[in-house]
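Data block below; observations after.
The values are calculated or read from the model by the stated rules, or taken from the named source; none is laboratory data. None of the values given here were measured: they were computed from a predicted structure. Here the Cβ is made from the backbone with ideal geometry for all residues, glycine too, and neighbour counts use every protein chain on show.
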Amino acid sequence: MSDAPGPDTPAVIEARDLTARFGSNTLFRHVSFDVRRGEVFVILGGSGCGKSSLLKLMIGLVPPAEGRVGILGTDVWSTEGAARLALLKRLGVMWQQGALFGSQTLLENVEMPLAEHTRLPAAARAEVARAKLGLVGLSEAADRLPSEISGGMLKRAGIARALALDPPILFLDEPSAGLDPITSAGLDALIRDLSRSLGTTFVVVTHELASILAIGDRCIMLDKEAKGMIAEGDPRELRDHSTHPTVRSFFRREAA
Ligand SMILES: Nc1ncnc2c1ncn2[C@@H]1O[C@H](COP(=O)(O)OP(=O)(O)OP(=O)(O)O)[C@@H](O)[C@H]1O
Ligand SMILES: [Mg+2]
């Protein structure tokens, strides 16, 4: 078990002066932050402000218009070839639309990244995949198809697949979207447990206030109108002390 990370914990992600733009549509400008090793770092903001896009800049899928991203000491956008692939392989991702393959069992879905990126023999792959399903509480469902399990179980299976290669950093885009509050709280507890027991760093996009307060060590908030970052810090402190009207209204559930 690792303790909660503090201000002296080293950064595993360094985002500096990031600007995201699609054509003439600038989503945000000059966004800078650190993600510390072992923390649950939450990205907040209204629909369309660029949260998923920010994840894509961080993991090397969409180039930033300006700025840079360092992950585990490597500059994502100036590194090329094998070194870049090696870095990206170390990142676990569960996308907002992150569907599993419907014709494959949960076990086969979790085995997939292992088949693609390791030379483990089949029996060892199955063993690792079973262990990952066990971590997310799905041992009993290993042989079921995605269509045979609930939405909450699908999210857990997505997390198991993202954990397959033991990534030091896991990115989750809206993990609790579409789940009922109790299932969502269960998923929050799982994220918290995995973070503290595995020491994995989590970067989580969400706009569920209950989740943010339950899992977030620190957060940033993006804003569509401001085209940038309007808050950074401990979500509980932002809730209690922020004077920014949009941040206040979000945390206090008031209309701006
Ligand atoms: N590849 C792309 N090409 C052009 N425009 C894009 C692309 N990806 C995203 N956008 C635009 O960027 C804006 C922000 O999209 P993004 O998905 O990052 O928002 P978001 O904050 O994740 O929203 P949500 O909360 O609804 O998931 C949207 O207006 C979207 O249409
Ligand atoms: Mg999104």
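Has segment 73-86 got any residue that is within 18 Å of the chain's Cα centre (by Cα), more than 13 Å from ligand 1 (Cβ to nearest atom) and not small (Gly, Ala, Ser)? Step through it out loud before you land on a result.
Filtering segment 73-86 down to residues within 18 Å of the chain's Cα centre (by Cα) leaves 76.
In the following step, the residues that additionally are more than 13 Å from ligand 1 (Cβ to nearest atom) were identified as 76.
Going one step further and asking which of them are not small (Gly, Ala, Ser), we end up with 76.
Scanning segment 73-86, I find at least one residue that is within 18 Å of the chain's Cα centre (by Cα), more than 13 Å from ligand 1 (Cβ to nearest atom) and not small (Gly, Ala, Ser), so the answer is yes.
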- Item | Which numbered condition residue 111 fails, given (1) within 16 Å of ligand 1 (Cβ to nearest atom); (2) modelled with pLDDT of 90 or more; (3) not aliphatic (A, V, I, L, M) | (1)
- Would you mind stating whether residue 93 is assigned to a strand (DSSP E or B), closer than 27 Å to residue 214 by Cα and at pLDDT below 95? yes
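Residue by residue, here is whether (1) buried (at least 21 other Cβ atoms within 10 Å of the Cβ); (2) farther than 27 Å from residue 166 by Cβ; (3) touching a helix residue (DSSP H, G or I) at 6+ places or on another chain (Cβ under 9 Å); (4) outside the structural domain of residue 207 (by TED's automatic domain parsing) holds:
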| position | (1), (2), (3), (4) |
| --- | --- |
| 32 | no, yes, no, no |
| 41 | yes, no, no, no |
| 47 | no, yes, no, no |
| 63 | no, yes, yes, no |
| 126 | no, no, yes, yes |
- Could you tell me whether segment 184-200 includes any residue that is in contact with a strand residue (DSSP E or B) (Cβ under 6 Å, 6 or more places away or on another chain), surrounded by 15 or more Cβ atoms within 10 Å (Cβ to Cβ) and not in a helix (DSSP H, G or I)? yes
- Message: Any residue at all in segment 79-94 that's within 16 Å of ligand 2 (Cβ to nearest atom) and either surrounded by fewer than 21 Cβ atoms within 10 Å (Cβ to Cβ) or not small (Gly, Ala, Ser) (or both)?
- Response: yes
- Message: Tell me whether segment 112-131 contains one or more residues that are assigned to a loop (DSSP other than H, G, I, E, B), touching a residue at least 40 places away in the same chain (Cβ under 8 Å) and farther than 23 Å from residue 176 by Cβ.
- Response: yes
